[in-house]
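Working notes, structure below.
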Amino acid sequence: MGGKPRFVFDTNIIVSAFLFDNSIPQESLQHVIAHGEPLLSADVMDELAIEPHEHFWKSSTEGD
């Protein structure tokens, strides 16, 4: 089992990461985007009303 480590975030962490600059949730999400593979369950995507998309995280990692 190689590759990037995978991390699962719940709805509260995702929302907090986008609402509060320099918060622990935001720093955690940014770290995982840069160094791991963020995962969201179908239930979390339903709660956030987003569609799974292969480029969902791409804009956050561009320029690295």
Check: When both residues are 6+ apart or on different chains and their Cβ atoms are under 9 Å apart, which pairs have a first residue that lies in the stretch 22-48 and is touching a residue at least 24 places away in the same chain (Cβ under 8 Å), and a second that is surrounded by 15 or more Cβ atoms within 10 Å (Cβ to Cβ) and among the small types (Gly, Ala, Ser)?
Finding: Gln30/Ala17
Item checked: Residue list for the stretch 35-64, restricted to those being more than 17 Å from Thr11 (Cβ to Cβ), surrounded by 10 or more Cβ atoms within 10 Å (Cβ to Cβ) and either within 10 Å of the chain's Cα centre (by Cα) or modelled with pLDDT under 85 (or both) -> Gly36, Glu37, Lys58, Ser60, Thr61
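The values are calculated or read from the model by the stated rules, or taken from the named source; none is laboratory data. Just so we're clear, the structure is a prediction, and the values are computed from it rather than from any experiment. Glycine gets a Cβ as well: all are built from the backbone with ideal geometry, and neighbour counts include every protein chain shown.
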